[in-house]
Amino acid sequence: MRLKPGALLRFYSLCGILIQVAATKNKARGSQGQFPLTQNVTVVEGGTANLTCRVDQNDNTSLQWSNPAQQTLYFDDKKALRDNRIELVRASWHELSISVSDVSLSDEGQYTCSLFTMPVKTSKAFLTVLGVPEKPQITGFTSPVMEGERMQLTCKTSGSKPAADIRWFKNDKEVKDVKYLKEEDANRKTFTVSSTMDFLADRNDDGAVISCRVDHESLNSTPQIAMQVLEIHYTPLVKIISSNSWPEEGQSIILTCESKGKPVPEPVLWTKDGGELPDPERMVVNGRVLSISFLNKTDNGTYRCEAKNPIGRNSTEYVLIVHDVFNTLLPTTVIPSLTTATVTTTVALTASTTTSATAISTRDPNALAGQTGPDHALIGGIVAVVVFVTLCSIILLGRYLARHKGTYLTNEAKGAEDAPDADTAIINAEGSQVNAEEKKEYFI
């Protein structure tokens, strides 16, 4: 079959249209993978920012970087803006990377990467520039400071973006009760921040380190710190320490006056009952120490220690009470001789016992000079032993007298039975006593 020339022309036209539609669909399908990719960048003022634009599928289409003012920086590998800070890092069909050195706050903004397809496709990258805060300064500090005065310290820093954070520390312990103030700088980009700490000077703060710390994300976890050391002047603090808690007669005592102040207190002054020390020979002052030897009752009283410095003076008192010497009585056992003795022997035994008791009761004032206090348990034990021994002695002595009283009456009766008169009876009684001494009876 033979086609006419007009029909053949229409056939070729239809085929061309179909081929063109197919090509357009393939091109549209390919251009869907051609899309630039970028990332936001944060850089510290004065640093270097790297801007990268990538394309996964590119059919030799050009890439371009432009700044926030829509000025072209690079078109493929060709530099368009004369700025020595901008350099080409890498240029290919799939990537266009540039760097901006010595970044300033004015460089902050939105940068655009363009892919010149039909239509042109773009991607945005925001460049954030951090303003570095200046080194903080502490104002309002004076040295030295008198105790009780009010101190107001202010820490201030400028040039931070965003606004920096200020924290106060006293000897590594954070102080929370502070005031914070933020102000925008004249460039309307950075901030000036300040913080104020208000407190009363106290002697416990002498030598304390006051720190003002500035924290900011541009400092890379290394905060900026300003420090001041407090010097507080205060009146002396006085305290008396005794070496003997229970002073007794004959002993010694040492009183030490401890004084702490700033400036350092002058040598202390010791007084007794509002006057001078009455006995300088026994009461010796050596610097801050008062020594009293051979204590007696006249040393009782109130001793005052006074210290002073250019700020003021202070004093404290110690009441001294000298106690009697306490003696420990050792028990003595008296065992009477249980024999048949005459009345004369009994009297001698009684005198001996009395003499022994008198000797025991004699007190030696220096016997226990080293003791610092009474031992009540020991006293009770000694008293109990003495009472027990005394009772036993009385019982034995009573028994002894009762037995010998009958013997005496018997001997007296024997001498008087055969005597014609009283004189003869007495003589016979004396003879009976002699015979009685020869015939001694022992009771066990």
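Counting 0.36 nm for each residue step from Ile379 to Asn244 and taking away their Cα separation leaves a gain of 46.4 nm.
Probe radius 1.4 Å, ligands and nucleic acids left out: which of Met146, Met118 has the largest accessible area, and how do the rest follow?
Numbers: Met146 75, Met118 180 Å².
Correct descending sequence by accessible area is Met118, Met146.
Here each label is just a point 7 Å from Cα along the line to Cβ, and for Lys260 and Ser106 those points are 6.1 nm apart. Here's the picture: charge each Lys and Arg Cβ at +1 and each Asp and Glu Cβ at -1 in segment 128-246, and of Ser143, Asn187, Ser242 the one pushed furthest to the positive end of that dipole is Asn187.
What's log10 of I(q)/I(0) for segment 215-258 at q = 0.20, 0.25 Å⁻¹, Debye sum over Cα points only, no solvent? Those come out to -0.81, -0.93, one per q. Per residue, the accessible area of segment 80-179 comes to 56 Å², computed with a 1.4 Å probe over protein heavy atoms only. What you get for segment 165-250, charging only the Cβ of Lys and Arg (+1) and of Asp and Glu (-1), is a dipole of about 360 debye around the Cα centre. Here the simple spin-label model places points 7 Å from the Cα toward Cβ, and for Asp215 and Ala186 these points are separated by 3.2 nm. Taking all protein chains as they are arranged and a probe of 1.4 Å, the heavy atoms of Leu63 leave approximately 0 Å² accessible to solvent. Using a probe of 1.4 Å, the accessible surface attributed to Thr52 totals some 40 Å² when neighbouring protein chains are kept in position. When only alpha carbons are used to place a centre, segment 196-214 and segment 63-80 end up 55 Å from one another.
Here segment 255-310 has an Rg and Dmax of 12.2, 39 Å, counting Cα atoms alone. Judged by the gyration tensor of its Cα atoms, with axes a ≥ b ≥ c, segment 164-224 is oblate; a/c meets the 1.5 cut and b/c is at least as large as a/b.
Note down the relative contact order for segment 177-310 as a percent, whole number, built from C-alpha pairs under 8 angstrom at least six residues apart. Let's see the in-between values first.
On the way: 225 pairs, mean separation 26.0, N = 134.
Relative CO of segment 177-310 lands at 19 percent.
Largest first and in whole Å, the equivalent-ellipsoid semi-axes of segment 57-199 read 51, 13, 12, each the square root of five times a Cα gyration tensor eigenvalue.
Given a cut-off of 17 Å, what percent of all Cα-Cα pairs of segment 159-270 lie beyond it? Don't skip to the end; give the middle numbers.
Numbers: 4341 of 6216 pairs.
Summing the P(r) tail past 17 Å for segment 159-270 gives 70 percent.
Sorting Asp324, Asp165 on solvent-accessible area from highest to lowest, probe radius 1.4 Å, gives Asp324, Asp165.
Accessible surface ranking for Phe326, Phe199, 1.4 angstrom probe, highest first: Phe326, Phe199.
From Cα pairs below 8 angstrom and at least 6 apart in sequence, can you work out the relative contact order of segment 59-145, rounded to a whole percent?
Numbers: 129 pairs, mean separation 21.4, N = 87.
Here the relative contact order equals 25 percent.
With both labels modelled 7 Å from their Cα along Cα-to-Cβ, the Met146 to Val175 distance reads 2.1 nm. Shown here: segment 247-287, whose C-alpha atoms stretch 39, 20, 17 Å along the first, second and third principal axes, sorted largest to smallest. Given a 1.4 Å probe and the protein chains as shown, Val89 ends up with an accessible area of around 90 Å².
Rg and Dmax, both from the Cα atoms of segment 150-190 and both in Å, are 12.7, 37.
The values are calculated or read from the model by the stated rules, or taken from the named source; none is laboratory data. What you see is a predicted model, and the numbers here were worked out from it, not measured in a lab. For neighbour counting, all protein chains shown are included, and Cβ atoms are generated from backbone atoms with ideal geometry for every residue, glycine included. Keep in mind that these areas ignore ligands, DNA and RNA; they rest on the heavy atoms of the full protein, side chains included. Shrake-Rupley method; radii C 1.70, N 1.55, O 1.52, S 1.80 Å.
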